[in-house]
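Only one structure is covered here, and it is reproduced in the block below.
The values are calculated or read from the model by the stated rules, or taken from the named source; none is laboratory data. All values derive from a computational prediction rather than experimental measurement. Cβ: placed from backbone, ideal geometry, glycine included. Neighbour counts: every protein chain shown. Heads up: the accessible areas ignore ligands, DNA and RNA and are worked out on the full protein's heavy atoms, side chains in. Shrake-Rupley method; radii C 1.70, N 1.55, O 1.52, S 1.80 Å.
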Amino acid sequence: MRAVAFGQGHTYDNVYLLVVDASGYSSVVAHNPLDRAAHAFDLLRERTVARVHALAAELGCARADLWSWRGDGGMLAIHDESESVARDVALGAARDLLRVDLPAVRAELADTELRGELRLRVAVHKGTIRYGEPGATGAIHSPVINLAAHLEELTPADCLAVSEAVHRVAGPHADHFELVGAHEGSNVYLMTSSGSASDARRAWLATTGLAGSRPVFAQPQRPSQLEKVRLVRAARTDVIDSGTALRTSSGYLTTAERPAHYRDAVLAFLARGGTYRCVLLDPDCAATATLADYRGEDLPAKIHNSVTAFGLFKQRHGAVTDNLHVYQTRAFPGFAAIAVDLTSADAMVLYSPYLMTMKIPGIHVEHGDSPHYLATTSSGRLLPDLVGLLQAVVDPSALRRVL
């Protein structure tokens, strides 16, 4: 059967969209000469198009066109009056891309000494599409195209994801997929190159998290001084620095090292009218004594040293530091935090729950070695929950101002 083109202004039901993307594109480009990187993705494009066209010809599929390619991936549209034919082309080609073509391309690229591993994300969705002007497929606006593209973005590397609409009519292909989650109102089914159901479930969770998850930016340990500077510079009206002893912050403000990035950022923030509030534990309260005993450290002395350092900072820099306030609390909050514009609609909170490890000889987790998380307006209800906790921590009735 001879292939025919999609017709201008025509509407087609059950168009199968095959979306392919090379995971790790930027890494390959960054670590290889441009011609070598370009060859890798040209080869991927050639193999993808050849695989679809070959299977379409074999099964007599009426239409199988490359609609777009953007360097590291693209979208192909597959359609036949017999939907099962288009389905078999789309799912068969997608499967073989992962299990046959990808290993072959990797082997060929190994001979070129390409640095970085080429990995592939593949997604298939289907629906009704109205074809536009010739050569203007990129301008087609369709919920079907949008869902296909978004589904590919969520697909774990070296996996094939299909929507519920595809899986519902997958027939003999259905058993190769595992239900792993949902996206934009559609169940998502996944196939891994290994074919393992547990591998599919793990890959999806590792990529998308649990249902209802929201983005939080995680750091494996305390961010650097320069990263904290970025937070202070982003503040409009107030910064709250809350912790047990605030040794790091007080040290940044009084360091003899140059350049003193954090101190300069705080002074600039105060000079433009901002308020910087420091909240640390009362050295004489029960919470401090319990925490000091548990951690085996002289926490009261560390708190006293920090307060002295904050006082030295104010003494050195005079009136500009009038809006730097230092408070003590008798309630242990259980986490450290730097909050930016806490009462604004777009507050940001960098926080770190204290890891209270058991008293095991040789095991001691410093606060700086604990994971830190940045919550923003993208983090859903986590942000207002954190804001509520911090507002309780800095409530004037719970604090005693010492500087």
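Couple of notes before you dig in:
- Pair list, Cβ under 8 Å, 6 or more apart: segment 22-34 residue closer than 12 Å to Gly71 by Cβ, other residue β-branched (Val, Ile, Thr) and at pLDDT below 75: Ala22/Val28
- Some residue of segment 210-230 being buried (at least 21 other Cβ atoms within 10 Å of the Cβ), within 22 Å of the chain's Cα centre (by Cα) and in a strand (DSSP E or B): no
- Residue in segment 175-198 that is over 30 Å from Ala86 (Cβ atoms), part of a loop (DSSP other than H, G, I, E, B) and open to solvent by 30 Å² or more (accessible area, probe 1.4 Å) present: no
- Complete set of residues in segment 371-393 that are within 20 Å of Asn323 (Cβ to Cβ) and surrounded by fewer than 18 Cβ atoms within 10 Å (Cβ to Cβ): Gln391
- In the set Leu17, Leu44, Leu76, only one residue is part of a helix (DSSP H, G or I), closer than 23 Å to Ala161 by Cα and open to solvent by less than 30 Å² (accessible area, probe 1.4 Å); that residue is Leu44.
- Between Ala110, Ala56, Ala90, the distinction of being without any contact (Cβ under 8 Å) to a residue 60 or more places away in the chain, in the same structural domain as Arg168 (by the TED database), of a type in the set (Gly, Ala, Ser) and crowded, with 17+ Cβ neighbours inside 10 Å belongs to Ala56 only.
- Residue count for segment 231-242, restricted to those that are hydroxyl-bearing (Ser, Thr, Tyr) and open to solvent by 60 Å² or more (accessible area, probe 1.4 Å): 1
Residues checked against (1) over 23 Å from Leu98 (Cα atoms); (2) assigned by the TED database to the domain that holds Leu342:
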| residue | (1), (2) |
| --- | --- |
| Ser142 | yes, no |
| Ala148 | no, no |
| His173 | no, no |
| Glu178 | no, no |
| His183 | no, no |
| Arg202 | no, no |
| Leu226 | yes, yes |
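- Under the condition of being under 32 Å from the mean Cα position of the chain (by Cα), modelled with pLDDT of 95 or more and not hydrophobic (A, V, I, L, M, F, W, C), the residues counted in segment 255-312 number 8.
- Selection status of Arg63, more than 16 Å from Val4 (Cβ to Cβ), assigned by the TED database to the domain that holds Pro172 and of a type outside the set (Phe, Trp, Tyr): no
- Residue tally, condition more than 11 Å from Ser163 (Cα to Cα) and β-branched (Val, Ile, Thr), over segment 181-193: 1
- The residues of segment 230-247 that are over 16 Å from Leu324 (Cβ atoms) and of a type in the set (Val, Ile, Thr) amount to a single one, Thr244.
- The conditions of being farther than 20 Å from Arg70 by Cα, in contact (Cβ under 8 Å) with a residue 12 or more places away in the chain and open to solvent by 70 Å² or more (accessible area, probe 1.4 Å) are not met by Arg119.
- Where His31 falls short, out of the listed (1) crowded, with 18+ Cβ neighbours inside 10 Å; (2) at pLDDT below 80: (1)
- In segment 93-107, the count of residues that are buried (at least 19 other Cβ atoms within 10 Å of the Cβ), in a helix (DSSP H, G or I), among the small types (Gly, Ala, Ser) and at pLDDT 95 or above is one or more.
- Every pair of residues 6+ apart whose Cβ atoms lie under 8 Å, when the first sits in segment 191-204 and is more than 14 Å from Arg119 (Cα to Cα) while the second is open to solvent by 40 Å² or more (accessible area, probe 1.4 Å): Met191/Arg95; Met191/His176; Met191/Glu178; Gly195/His176; Ala197/Glu178; Ala200/Glu178; Arg201/Glu178
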